[in-house]
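Below is one structure, written out as structure tokens; comments come after it.
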Amino acid sequence: MGSDNLFHKRKAQRASSLARQKREIPQKPRYLIVCEGAATEPNYFNGLRNIERLPTAHVKVCGEECGSDPMSVVQYALQLFEEEQIDRFDKVFCVIDRDGHTNFKPAVALVEDLQNKGTPIELVVSWPCFEYWVLLHHQYSRSPYYPTRGRSSCDAVGAEIRRNHDRKYNKSAEDLYAMLRSKQEGALEHAATALADAEATGERNPSTQVHLLVAVLLALKLP
């Protein structure tokens, strides 16, 4: 009987010790990333999540069910945030393009209102589009991009990537992050320089905030 009691006592002590250790280990924050694009952005961030082993980063696409404009992305992100009642997200990132969206400013205003109410939601904007972040892996550029007849400003960025750096570049490539990873350090520096210049001059085209999100995500990396 005495040995049984000792066994149960030691078992309880081990369980208590494990529970205490679990509480003492800092928990990685949970992030939700909601993307406007149906391929480029989710492929990139899912690749980042998988290759860098980021189990608490969750990528969602605002696609056919909600549209692909900035306001739709923000509203969909808010819906997902509010639906998660048990294990809430610590922050929600909405990855959007400035491009030619007419409801960009209303989306910015909505996010500011939500932030004032305590909702941890944040915009991650690229001018004119996410592909500028891709271009910065190859070169630094602050030459503006504009739509022309039959081609959007984002098409112009993609065309420059194919013309000067990668003839086979495909914005829908599932391995986009893996393809760019070796040039990530340069892209982070280029993007920071471009954003600083954009803020100093007031000319946002082109610039991006994607590097800020990438840095946040890389901080989640498992040892």
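Couple of notes before you dig in:
- When residues in the range 159-196 are screened for being over 17 Å from the mean Cα position of the chain (by Cα), assigned to a helix (DSSP H, G or I) and among the polar types (S, T, N, Q), 3 of them pass.
- Single residue of the range 94-112 satisfying the filter (among the acidic types (Asp, Glu) and outside any loop (DSSP other than H, G, I, E, B)) that is surrounded by the fewest Cβ atoms within 10 Å (Cβ to Cβ): Glu112
- Filter pass, Ser207 being of a type in the set (Gly, Ala, Ser), at pLDDT below 95 and within 19 Å of Val95 (Cα to Cα): no
- Among residues of the range 124-160, those that are in contact with a His (Cβ under 7 Å, 6 or more places away or on another chain) and aliphatic (A, V, I, L, M), counted: 1
- So Asp175, is it within 30 Å of Arg88 (Cβ to Cβ) and modelled with pLDDT of 95 or more: no
- Residues in the range 69-85 that are part of a loop (DSSP other than H, G, I, E, B) and buried (at least 18 other Cβ atoms within 10 Å of the Cβ): 1 in all.
- Only one entry in Arg88, Arg49 is at pLDDT 90 or above, under 24 Å from Leu218 (Cα atoms), outside any loop (DSSP other than H, G, I, E, B) and not hydrophobic (A, V, I, L, M, F, W, C), namely Arg49.
- Pair list, Cβ under 8 Å, 6 or more apart: the range 142-156 residue in a strand (DSSP E or B), other residue buried (at least 17 other Cβ atoms within 10 Å of the Cβ): Thr148/Ala156
- Scanning the range 197-220 for residues that are in contact (Cβ under 8 Å) with a residue 24 or more places away in the chain, surrounded by fewer than 18 Cβ atoms within 10 Å (Cβ to Cβ) and in a helix (DSSP H, G or I) yields a count of 5.
The values are calculated or read from the model by the stated rules, or taken from the named source; none is laboratory data. Owing to the predicted nature of the structure, the values given are computational and were not obtained by experimental measurement. Here the Cβ is made from the backbone with ideal geometry for all residues, glycine too, and neighbour counts use every protein chain on show.
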